[in-house]
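Read the structure below first, then the notes.
The values are calculated or read from the model by the stated rules, or taken from the named source; none is laboratory data. What you see is a predicted model; the values in this text were computed from it and never measured. Positions of Cβ are backbone-derived with ideal geometry, glycine not excepted, and every protein chain shown enters the neighbour counts. For the accessible areas, the whole protein counts, side chains as well, though only heavy atoms, and no ligand, DNA or RNA atoms are used. Shrake-Rupley method; radii C 1.70, N 1.55, O 1.52, S 1.80 Å.
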Amino acid sequence: MNQLTKALSLYIEGIKTPIFRKKLLITLGILILFRFIAHVPVPGVNLALLQRFFSQNQLLSLLDIFSGGTLANFSIAALGLNPYINASVMMQLLGLVFPQIEELQKEGEYGRAKINQYTRIATIPFAIVNALGMFAILKSQNIITTFTPITIVAMIVSMVAGTMIMIFLGELINTFGVGNGISMLIFAGIVSRLPTGFLKTLSISDFNNPQTGLNMLIFALLAVALVIGIVMVEEAVLRIPIHYAKRAQVTYLPIKVNTAGVMPIIFAVSLATAPSLIGQFLGKVPNHLISSFALALADFFKTGSYVYMVFYFFLVIGFTFFYTSVIFKPKDIADELRKSGGFMPGIRPGIATEKRLQFLINRVIIIGAVFLGFIAVAPSVVQKITGITTLTIGGTSVLIVVSVVIELTRRLENVVQMYNYEKISY
């Protein structure tokens with residue numbers, strides 16, 4: 001309760017700060033423009049069939065989250081930020097293969113600017129491929145009503161342009177607004193769907209049945225527990241003491257418990273839903289043997305089944321270890337400590353420090369991986385316990401929302417402290 005009161009007072013003080021108030025108004029204006037674009041549909045699409053199809057496919061629902069809610073409406077920005085996220089992941093992985101990219105990653109502001117430029121260029125082919133794949137899926141479901149060559153070209157061009165507009169809006173928030181632009185757009189897309197889900201739940205609920213009220217209470221308690229758990233893990237940090245002999249100084253090297261963020265869930269859901277998606281496609285082939293096997297496979301791995309949840313859970317754990325190994329490199333950290341004269345107490349600089357860091361990060365990853373696995377399957381578990389499906393926006397969505405709020409609070413605290421310091425100075 002004390003932390004909540006402190007956070008509320010911080011936001012009130014921040015609104016009174018001219019700098020933050022200006023940034024907040026700019027951010028709100030950009031988000032309003034984004035929500036307007038999200039409701040400008042591409043012609044030739046049956047939106048009723050599209051939304052029904054999305055509600056039955058978790059992979060597309062997750063892609064809709066990262067498009068900021070534009071994909072379910074099939075707006076001109078239907079692909080949203082997905083191609084940009086894919087391009088960003090590709091650039092991180094290429095840093096492991098090409099030394100030139102790895103050097104750019106270490107060159108500070110200049111290196112980040114060049115990598116951002118390459119990422120934006122790589123976003124265009126990703127957007128084209130994603131658009132073609134989306135058209136193929138929707139065509140197979142008879143959701144697209146017109147499929148002429150001119151229509152295809154027009155749709156692809158508009159969707160690629162929409163993706164670049166989303167990136168531009170995100171960078172505007174980074175430059176003139178508050179918070180991380182990409183995260184803020186995704187956050188706005190998630191939050192904008194909450195009122196609709198709540199009203200839909202109220203409209204279909206039978207409140208004359210005592211079980212309905214009990215299920216709603218259980219859902220609320222589980223949601224609060226989930227948010228508290230996410231906050232605790234997101235804030236959890238392993239602090240490794242680092243000594244500097246020449247400066248007689250002791251600092252700490254922080255290692256977050258959830259080092260990988262939400263990226264392992266994104267990778268895992270693509271593979272977890274692949275058997276069901278492939279089974280649905282192959283289930284329409286003329287060969288009876290293949291179609292029967294494909295439909296059985298799709299039913300075996302259908303979203304919400306126990307097999308799917310177990311498979312999904314262990315995929316998230318595996319990808320957490322993989323992605324953390326990409327972004328956290330003990331060898332580089334050990335080299336930087338040795339160059340700066342820092343060392344871990346009782347550990348020799350160099351290889352011994354690298355091995356110790358690897359040992360510690362492996363222990364921390366286990367906690368973070370299990371946490372992310374639980375977050376990934378939490379919506380299916382809550383759905384089975386309460387029977388409420390309309391309010392289940394997904395553990396990934398909750399993780400994003402909470403992470404954005406935490407980051408926004410930290411930035412607000414920095415702005416308020418800087419403003420108060422400047423007032424005292426003058």
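A few comments on the model shown:
- For Ile242, distant residues with modelled amide H under 5 Å away: Thr251, Tyr252, Leu253
- A protection proxy built from the mean count of other Cβ atoms within 10 Å ranks the segments 258-268, 117-127, most packed first, as 258-268, 117-127.
- Ranked order, Tyr306, Tyr312, Tyr252 - accessible area, probe 1.4 Å, largest first: Tyr306, Tyr252, Tyr312
- Backbone amide hydrogens, once placed in the peptide plane, bring Ser75 within less than 5 Å of Val42, excluding anything fewer than 5 places away on its chain.
- Nearest-10 value in Å² for the accessible area of Arg21, using the 1.4 Å probe: 100 Å²
- Cross-link pairs Lys16/Lys256; Lys256/Lys355; Lys114/Lys355; Lys329/Lys355 - those with Cα-Cα distance over 21 Å: Lys16/Lys256; Lys114/Lys355
- Size of electric dipole in the stretch 74-195: Cβ of Lys, Arg +1 and of Asp, Glu -1, about Cα centre, debye, nearest 20: 300 debye
- Positive-end ranking of Ile333, Ala294, Val370 along the dipole of the stretch 275-371, with charges on Cβ about the Cα centre, is headed by Ile333.
- Surface per residue (accessible, 1.4 Å probe) for the stretch 250-361, Å²: 54 Å²
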